1. Hey, how many Å between the Cα centroid of the range 242-319 and the Cα centroid of the range 64-83?
2. So, counting K/R as plus one and D/E as minus one, what does the shell of residues with Cβ under 13 Å around Thr174 add up to?
3. Restricting to the chain, compute how many DSSP beta bridges are antiparallel as a %, nearest 5.
4. Determine, at each q value in 0.15 (inverse angstroms), the log₁₀ of I(q)/I(0) that the Debye formula gives when each Cα of the range 66-133 is one equal point scatterer.
5. How much mean residue ellipticity at 222 nm does the chain get from its helices, if each DSSP H run of length 4 or more adds -39500 (n - 2.57) and you divide by all residues, to the nearest 500 deg cm²/dmol?
6. Taking the Cα centre as origin and putting +1 on Lys and Arg beta-carbons and -1 on Asp and Glu beta-carbons, what dipole magnitude results for the range 7-249, to the nearest 20 debye?
7. Using alpha carbons only, what's the Rg to Rh ratio of the range 1-81 with Rh from Kirkwood?
8. Which is the longest run of the chain containing none of the GluC sites (Glu not before Pro) found in DSSP loop states (not H, G, I, E, B) with at most 16 other C-beta atoms within 10 Å?
Amino acid sequence: MIPFIDLASQQARIRERIDHNLATVLDHGAYIMGPEVLAIEARLAEYAGTRHCISCSSGTDALILALLAQGLRPGQGVIVPSFTFAASAEVMPVLGAVPVFAEVDPQTFNLDPARLGDALATARDGGVEIVGIIGVGLFGQPADYTAIGAFAAENGLWVIDDAAQSFGGSWNGTPVGQLAALTCTSFFPAKPLGCYGDGGAVFTDDDEKAEIMRSCRIHGMGRTRYENIRIGMTARLDTMQAAVLDAKLDIFADELTRRQQVAERYAAMLGNLVETPRLAAAATSSWAQYTIKLPEGADRDHIAGVMKAHDVPTAVYYPVPMHEQPPYRHFPVADGGLDVTSDLCARVLALPMHPYLDAPVQEQVAAALATALGDSAAYGKSGAPREIASS
């Protein structure tokens with residue numbers, strides 16, 4: 001079976017450096033908030049071009065820390081896409097606040113700036129005070145923070161960039177980390193920059209908010225360990241994970257270049273078969289995933305099964321939109337509905353994607369997909385594929 005994400009090849013490339021870093025941690029024994037944590041924060045802040053990087057225990061905790069820094073209060077609302085991973089939405093209810101689900105763009109899969117007004121109107125009609133927007137850089141491409149930021153400024157809202165998948169990307173030449181006042185990312189192992197466990201970080205130029213987040217990640221700590229000046233949480237990045245990130249950051253830029261090459265080969269091989277991912281003109285992507293859109297009416301499960309039989313794994317990110325998940329059905333949904341979101345959930349399919357995917361293996365993926373699409377069973381009773389636009 002072809003690896004969906006090939007962490008083994010990556011590890012072989014940097015194993016000596018990882019072993020050295022981990023041995024250093026074992027030798028000094030500072031497993032929590034050891035010197036490697038401060039060191040990786042400094043390296044990451046330099047990479048992103050921000051004054052502060054506040055590391056933490058996961059991408060979800062990064063979002064919670066950011067919301068605490070913004071002073072989100074129970075009952076207040078935050079606009080967020082429904083076509084996203086649960087973490088983007090769950091952090092509001094965790095703090096007693098309200099996610100308000102908005103529509104996404106059918107090409108970029110990110111928040112549609114033209115539809116933000118619908119979400120704002122829905123919330124206000126329901127008596128919910130909207131205070132902010134969480135944009136998501138889905139599958140590696142940043143959202144349109146030029147337009148999102150303009151809408152936010154016009155309506156007195158703050159913006160958080162959920163860059164769990166898009167760290168390493170850019171918008172109009174500005175790297176992820178600088179596209180919003182607060183940028184959150186994840187170091188889950190499958191991310192473009194991942195550790196060997198859970199981890200995350202928040203990037204900001206705001207000194208006051210950075211201080212709040214550093215305090216909140218250690219139980220609201222003040223100047224000393226047992227002085228608590230605010231309600232906080234346990235959200236520290238452990239030293240072992242910092243040591244792994246240090247080794248991986250050495251090759252991150254090179255891996256981003258390789259991911260782009262993989263994406264370009266896929267587009268050339270698959271463009272006549274399916275709708276391939278399209279980048280906005282202003283965007284570069286970290287290509288966390290390579291997600292295609294199947295023809296309308298195609299039987300995705302059957303196609304995935306045929307590809308699996310040809311040793312090609314696939315995945316679906318995401319089969320059910322957040323606003324249709326049981327815990328979220330009572331939260332507001334933007335006026336006009338989320339038809340694009342529902343269509344994407346029915347048609348997307350992710351293919352193997354990682355920096356070590358070579359052309360011959362990609363040809364195997366493309367051949368398996370062509371076989372699956374050519375199987376009449378993939379189209380139910382129609383017996384033939386429907387014509388779609390290529391990209």
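Read the figures in this text as sums done on the coordinates, not as results from a lab. The shown structure was predicted, so the numbers you read here are calculated from the model rather than taken from an experiment. For neighbour counting, all protein chains shown are included, and Cβ atoms are generated from backbone atoms with ideal geometry for every residue, glycine included.
1. About 30 Å separates the Cα centre of the range 242-319 from the one of the range 64-83.
2. So the environment of Thr174 carries a net charge of -3.
3. The antiparallel fraction comes to roughly 60 percent.
4. Here log10 of I(q) over I(0) equals -0.45.
5. -12000 deg cm²/dmol
6. Dipole about the Cα centre, nearest 20: 480 debye.
7. For the range 1-81, the value is 1.09.
8. Within the chain, the longest run free of exposed GluC sites (Glu not before Pro) spans 1-128.
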